[in-house]
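The values are calculated or read from the model by the stated rules, or taken from the named source; none is laboratory data. Computed from a predicted structure; not experimentally measured. Methodologically, a virtual Cβ is constructed for each residue, glycine included, from the backbone with ideal geometry; neighbour enumeration extends over all protein chains shown. Just so you know, the surface numbers come from the protein's heavy atoms only, side chains and all, with ligands and any DNA or RNA stripped out. Shrake-Rupley method; radii C 1.70, N 1.55, O 1.52, S 1.80 Å.
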Amino acid sequence: MEKKISDEQKIYELSLIWSEAKYNFAFWDYLKDTVNWDEEYRKTLNRVLNTEDLFEYYQELQRFVNLLRDGHTQVMFPDEIIYNERYCSFLPICTEYIDDEIIITNCSKNVADKIKLFSKVNRINGEPTIDYIRKNIFPYLWHEKFDSCYKDVNFYLTMGPINSVVSLELEESGKKYIVDLKRKKFNPNWVFKPIHKRMFKLKKQYIFDDFYIEITDDDIAILTVKTFMNDFMILDMYKHINYLKSAKAFIVDVRDNDGGSSSNAAAVASMFIGREFPSHNWLMAVNKSTYMAWAVERKVCDFNYSDLKYYFDNAEFAEGLYKTRKHTYFEKQDSKSYTGVPDVLQGPVVVMLNERTASAAEDFLNMMRFNTKAVFIGNNSYGSTGIPLSYKLKSGGLVRICSRHSLLLNNEEFTNKGIAPDIIVKPTIESIKSGEDLCLERSCLAGKRTGRRNYRF
């Protein structure tokens, strides 16, 4: 039986989100002129109290938090929704965002007679696909960087009540056709089994849960790091550093690595840096209660920020009061890292990244870009990192609010933009069909063309 939420609990949970974001969210300076958080809270309170079930309630919480436009700030559904067929049944397809199009890359065998794989999705329920997504999905999830959030878009796109029907207008080889699909209990029996072609021979291979090492016959070491979540991973990696050390060039693959611990990211970067190095650069919200009182008393917010110097003898102090009242008072922080790595890897380095390289993996990119000569190959990274303030809600879900505004080590912004590669390489429909890894192929070529000591990409 579905959990019932009292009005009192709805008010409390929404108020908790509103309050914690107001005082601890890391990007109010981005939003101070576009989002009136107090007014949005009032509007959402009315909608929340009128929700009929758990799913509607969580959609309103998601809509509220999504106003903050941050990839580390979100409300996650409780298990009672995720495992309830009434809300979370799925279309028997998988879509991906390829070459600026939404493409069906897989389908269940029971609809294989209806769908031509790698068809483009032109319309959903009669609406142009992007319009449908903007209207039905974007209000509830971070979408400032469309390719980065597309994995979540696919979830929302295919999810819905069991037996609900969705009409898709598809196109393949210039021919359009319409398919009506029903959402069913998630039980994929996928038609397409991806092929992974090897473009090199391996001399050695070491497989671990969260990373693996491959040494090619050309003496290129490929270090694939799937996550920075595992704190014990570094011990195993350091034990095998001698195998890496024998290589002439290195490829570090952090594609689809969605982060974890920044300390683990620094530990991997240390293998290529070998000394104490700048690792983090960020802004942190500061709440000064007495400043808040003085700001109200002296009515500093009745003035435009640019005019404070004309009306107050101590303009710097008045600016501090103003920023405190507006929740845009931030302190600059930076830090250095070194993990006592047993040895340093010498030689050219390529780092492979893509739009799902996120969070602590972006911290790794930041460290490598400004402390090594590594060349980045792939696609712009996710565009969001930080330290989320997390709360488990009594109603079963989870809320996260980003508390750290991270910058590149040269003070440039990468939030909602990602860290750019030096060489752009993206998968194509043809490469997915054939199993070719274009990014790895380009990286291996770069590794082969370089020498051990004096190198230039």
Notebook entry, point to check: List pairs: first in the stretch 285-298 and in a helix (DSSP H, G or I), second hydroxyl-bearing (Ser, Thr, Tyr) and open to solvent by less than 80 Å² (accessible area, probe 1.4 Å), Cβ under 7 Å, 6+ apart or cross-chain?
Noted result: 291/324; 292/324; 295/322; 295/324
Note to self: For residue 362, only one of the following conditions fails: (1) open to solvent by 10 Å² or more (accessible area, probe 1.4 Å); (2) over 22 Å from residue 220 (Cα atoms); (3) under 21 Å from the mean Cα position of the chain (by Cα). What is its number?
What the structure shows: (1)
Notebook entry, point to check: How many of the residues making up the stretch 153-163 are open to solvent by less than 60 Å² (accessible area, probe 1.4 Å) and out of contact with any Cys (no Cβ under 9 Å at 6 or more places or on another chain)?
Noted result: 3
Next item on the list: Might you check whether a residue that is in a helix (DSSP H, G or I), modelled with pLDDT of 95 or more and of a type in the set (Gly, Ala, Ser) occurs anywhere in the stretch 2-10?
Entry: no
Check: Which of the residues belonging to the stretch 110-128 are farther than 18 Å from residue 160 by Cβ and under 30 Å from the mean Cα position of the chain (by Cα)?
Finding: 117, 118, 119, 120, 122, 128
Item checked: Enumeration of residues in the stretch 310-324 that are under 40 Å from the mean Cα position of the chain (by Cα) and open to solvent by 100 Å² or more (accessible area, probe 1.4 Å) -> 316
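Which one is surrounded by the most Cβ atoms within 10 Å (Cβ to Cβ) among residues in the stretch 253-277 that are aliphatic (A, V, I, L, M) and within 17 Å of residue 230 (Cα to Cα)?
Here is the first cut: in the stretch 253-277, the ones aliphatic (A, V, I, L, M) are 254, 265-269, 271, 273.
Still in the list and also within 17 Å of residue 230 (Cα to Cα): 254, 265-269.
Working: 254: 30, 265: 28, 266: 24, 267: 23, 268: 24, 269: 27.
Only one residue fits best here, namely 254.
So, restricting to strands (runs of 3 or more DSSP E) that lie completely within the stretch 153-252, which ones have at least 1 residues that are among the acidic types (Asp, Glu), at pLDDT 90 or above and closer than 30 Å to residue 365 by Cβ?
Values: elements: 165-172, 175-182, 202-207, 211-216, 220-225.
Of the strands (runs of 3 or more DSSP E) lying wholly inside the stretch 153-252, those with at least 1 residues that are among the acidic types (Asp, Glu), at pLDDT 90 or above and closer than 30 Å to residue 365 by Cβ span 211-216.
Mind checking which residues of the stretch 394-405 are small (Gly, Ala, Ser) and open to solvent by 10 Å² or more (accessible area, probe 1.4 Å)?
Pass one, the stretch 394-405, residues small (Gly, Ala, Ser): 395-397, 403.
Hits for the stretch 394-405 are 396, 403.
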Checklist line | strands (runs of 3 or more DSSP E) completely within the stretch 345-451 that count 3 or more residues being out of contact with any Asp or Glu (no Cβ under 7 Å at 6 or more places or on another chain) and of a type outside the set (Val, Ile, Thr) | finding: 388-392, 404-406
Item checked: Matching residues, the stretch 11-40, being touching a strand residue (DSSP E or B) at 6+ places or on another chain (Cβ under 6 Å) and either open to solvent by 40 Å² or more (accessible area, probe 1.4 Å) or at pLDDT below 95 (or both) -> 24
Next item on the list: Scan 175, 197, 185 and give me the residue that is exposed (fewer than 15 other Cβ atoms within 10 Å of the Cβ), of a type outside the set (Phe, Trp, Tyr), touching a residue at least 60 places away in the same chain (Cβ under 8 Å) and closer than 23 Å to residue 121 by Cβ.
Entry: 185
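Within the stretch 119-133, identify whether any single residue is in contact with a Cys (Cβ under 8 Å, 6 or more places away or on another chain) and on the phi < 0 side of the Ramachandran plot, and answer yes or no.
As a first pass, look at the stretch 119-133 and keep what is in contact with a Cys (Cβ under 8 Å, 6 or more places away or on another chain): none.
No - not one qualifying residue is present in the stretch 119-133.
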